[in-house]
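J.: One structure, pasted below without further comment.
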Ligand SMILES: Cc1cc2nc3c(=O)[nH]c(=O)nc-3n(C[C@H](O)[C@H](O)[C@H](O)COP(=O)(O)OP(=O)(O)OC[C@H]3O[C@@H](n4cnc5c(N)ncnc54)[C@H](O)[C@@H]3O)c2cc1C
């Protein structure tokens, strides 16, 4: 049975791998010339600028996602870097008892607990609760892989699942807790300001902080040395080894449908590729409203398009620098307040700068040099996409002026150490994200999670009234990210096996 897949992003490659393992004949059609989609990095001069993975959930056996990654990649032979510190944040108003304005978010939970208690023994109760919630999460790592087990194994799993009640208790307890509500419980002014500022002054659910920390502590959310594209290329290699075929530089224009059955793909130069099943692992909006001309849109999809249900995840404006200095003495990731508000060309206001120094990945720059990235997350993706489309000259000017401004701020902060040492300046905007990956509004992770973290998935694998068609990508689950992209890829492959009465099998990568 033949399956045509749209998109060689991580979800498309992953679905392709599992379908190949299960005896289907698949071909992927990809508009770009490389694999990975959003999971990417690019070369500028001697430097590699990374455009994606700061951490990959399941990078070590400490997480159940590791099992899934290991079905796809030879994880033991991929080097991951685990940071001791997640981020260093300078607060604006308060100092800690040592006279420092810098809050350090350690990744080792024991170290973090000691650090917080030392700074504020009077806050022992909320600090201990905060730490305990992470320890509980660690004990009950959610099993993402739900295979159809034989009776006794299923029964045993059921018994084990009742132990999840403690996890559920904590989950419900923290459901409405945010960094702001947690900060209010703290007596220590420095810690209070630190927690409020932890997400750029935004209010986020406390689970957004504690869930990743519980993984960092177990060293199961590492950064892949070599960068994101090198990581995606490993997935591409596995897919090809399993017998898959990829057509690069082949944008899909339309999904061809006859009498409610998906039949084939219309690609570049009006070539048609027929197949028994079509799987789109490309952007959700493109798939429904362009490739299928909006013909299979129910009220749910229309509400999503009208942004009545969820917001689209932030896009990103990323200024990369190649610097002729190793910057080994700087933290790898830090944030500090600015003296004056910074207005992005799209109108987004920032009053801080966040600098990411890749001084822990020697493969991204020549010896003694380093790549540095300053990122701004924005909801104004369309501003950049429209500007590039309507006025290319102005787009370039705006980019350059903004990059100059940022260079000035970076120089001010890093000081003389980088004076005259900036060799490369690279600017990627939401228009870049859109151009290379087609993600609607330049979204970096699909949908932004809504208030209800337990809400059902907004985007289904299938479409009403359309046979032999499936959909899988980070748009399936709010929050997106690589684990969601591969989990949906696996789930859809399993579903296709079930529909075709095939037992789903996996073959571990070696
Ligand atoms: C700056 C940044 C930082 C991130 N950090 C992390 C992180 O630390 N950890 C993490 O887990 N996730 C992170 N993410 C998110 C993660 O990269 C994405 O959620 C994930 O890669 C999405 O994969 P996907 O396959 O679902 O979609 P995509 O990557 O969008 O893949 C879709 C593919 O379809 C192709 N395509 C689209 N339209 C067509 C067409 N018409 N014809 C042919 N091909 C088409 C695209 O070119 C693309 O290759 C980050 C993303 C960004 C941008």
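J.: Has region 427-439 got at least one residue that is away from the ligand (no atom under 16 Å from the Cβ), on the phi > 0 side of the Ramachandran plot and modelled with pLDDT of 95 or more?
T.: So far as region 427-439 goes, no, none of its residues is away from the ligand (no atom under 16 Å from the Cβ), on the phi > 0 side of the Ramachandran plot and modelled with pLDDT of 95 or more.
J.: Which condition number does residue 396 fail, the rest of (1) within 16 Å of the ligand (Cβ to nearest atom); (2) surrounded by fewer than 18 Cβ atoms within 10 Å (Cβ to Cβ); (3) modelled with pLDDT of 95 or more being met?
T.: Failed condition: (1).
J.: Considering region 331-368 alone, what residues qualify as being more than 19 Å from residue 403 (Cβ to Cβ), over 24 Å from the mean Cα position of the chain (by Cα) and modelled with pLDDT of 95 or more?
T.: The answer is 366, 367, 368.
J.: Something else now. Would you confirm, using the coordinates I've provided, whether residue 84 is more than 22 Å from the chain's Cα centre (by Cα) and in contact (Cβ under 8 Å) with a residue 24 or more places away in the chain?
T.: No.
J.: Here is a further query. Could you count how many residues in region 32-43 are near the ligand (Cβ under 7 Å from one of its atoms) and surrounded by fewer than 21 Cβ atoms within 10 Å (Cβ to Cβ)?
T.: Counting residues in region 32-43 that are near the ligand (Cβ under 7 Å from one of its atoms) and surrounded by fewer than 21 Cβ atoms within 10 Å (Cβ to Cβ) gives 1.
J.: Additional query: Go through region 275-325 residue by residue and tally those that are over 22 Å from residue 348 (Cβ atoms) and part of a helix (DSSP H, G or I).
T.: Final tally of qualifying residues: 14.
J.: Oh, and also: Surrounded by fewer than 19 Cβ atoms within 10 Å (Cβ to Cβ) and out of contact with any helix residue (DSSP H, G or I) (no Cβ under 7 Å at 6 or more places or on another chain): is that true of residue 407 in this structure?
T.: yes
J.: Kindly check whether there is at least one residue in region 267-274 that is in contact (Cβ under 8 Å) with a residue 60 or more places away in the chain, out of contact with any helix residue (DSSP H, G or I) (no Cβ under 9 Å at 6 or more places or on another chain) and either surrounded by 19 or more Cβ atoms within 10 Å (Cβ to Cβ) or on the phi > 0 side of the Ramachandran plot (or both).
T.: Yes, region 267-274 contains at least one residue that is in contact (Cβ under 8 Å) with a residue 60 or more places away in the chain, out of contact with any helix residue (DSSP H, G or I) (no Cβ under 9 Å at 6 or more places or on another chain) and either surrounded by 19 or more Cβ atoms within 10 Å (Cβ to Cβ) or on the phi > 0 side of the Ramachandran plot (or both).
J.: Let me ask something else. Could you pull out the residue among 252, 257 that is surrounded by fewer than 22 Cβ atoms within 10 Å (Cβ to Cβ), farther than 18 Å from residue 40 by Cβ and at pLDDT 95 or above?
T.: Details: 252 fails: surrounded by fewer than 22 Cβ atoms within 10 Å (Cβ to Cβ).
Every option except 257 fails the conditions.
J.: Turning to a different aspect of this structure: Going through region 286-323 one residue at a time, which ones are out of contact with any strand residue (DSSP E or B) (no Cβ under 9 Å at 6 or more places or on another chain) and surrounded by fewer than 19 Cβ atoms within 10 Å (Cβ to Cβ)?
T.: Residues satisfying the conditions are 289, 294, 297, 298, 299, 300, 302, 303, 305, 306, 307, 308.
J.: I've got another one for you. Got at least one residue in region 3-10 being away from the ligand (no atom under 12 Å from the Cβ) and either in a strand (DSSP E or B) or in the same structural domain as residue 472 (by TED's automatic domain parsing) (or both)?
T.: Yes, there is a match, as at least one residue in region 3-10 is away from the ligand (no atom under 12 Å from the Cβ) and either in a strand (DSSP E or B) or in the same structural domain as residue 472 (by TED's automatic domain parsing) (or both).
J.: Here's something else I'd like to know. Between 232, 262, which is surrounded by 19 or more Cβ atoms within 10 Å (Cβ to Cβ), over 24 Å from the mean Cα position of the chain (by Cα) and touching a residue at least 40 places away in the same chain (Cβ under 8 Å)? Give the derivation first.
T.: On the way: 232 fails: over 24 Å from the mean Cα position of the chain (by Cα).
Residue meeting the stated conditions: 262.
J.: While we're on this one: Do you know which of the residues in region 11-31 that are more than 15 Å from residue 469 (Cα to Cα) and in a helix (DSSP H, G or I) is nearest to the ligand (Cβ to nearest atom)?
T.: Among residues in region 11-31 that are more than 15 Å from residue 469 (Cα to Cα) and in a helix (DSSP H, G or I), the one nearest to the ligand (Cβ to nearest atom) is 11.
J.: While we're looking at this one, here's another question. Can you pull out the strands (runs of 3 or more DSSP E) entirely within region 44-118 that have at least 3 residues that are away from the ligand (no atom under 16 Å from the Cβ)?
T.: Passing ranges, in order: 85-90, 102-106.
J.: Return the only residue of 463, 482 being crowded, with 18+ Cβ neighbours inside 10 Å and away from the ligand (no atom under 16 Å from the Cβ).
T.: Only one candidate qualifies: 463.
J.: So is residue 409 within 19 Å of residue 89 (Cβ to Cβ) and part of a helix (DSSP H, G or I) or not? Break it down stepwise before answering.
T.: On the way: within 19 Å of residue 89 (Cβ to Cβ): yes; part of a helix (DSSP H, G or I): yes.
Yes: the conditions hold for residue 409.
J.: Evaluate the following for residue 305: is it outside the structural domain of residue 360 (by TED's automatic domain parsing), modelled with pLDDT of 95 or more, under 24 Å from the mean Cα position of the chain (by Cα) and away from the ligand (no atom under 16 Å from the Cβ)?
T.: yes
J.: Could you please give the count of residues in region 1-23 that are surrounded by 22 or more Cβ atoms within 10 Å (Cβ to Cβ) and farther than 28 Å from residue 356 by Cβ?
T.: 10
J.: So how many residues does region 183-203 have that are in contact with a strand residue (DSSP E or B) (Cβ under 9 Å, 6 or more places away or on another chain), assigned to a loop (DSSP other than H, G, I, E, B) and without any contact (Cβ under 8 Å) to a residue 40 or more places away in the chain?
T.: Looking only at that region, the number is 1.
The values are calculated or read from the model by the stated rules, or taken from the named source; none is laboratory data. Here the structure is a predicted model, which means the values were calculated and not measured. A quick note on method: Cβ atoms are made from the backbone with ideal geometry, for glycine too, and the neighbour counts reach across all protein chains shown.
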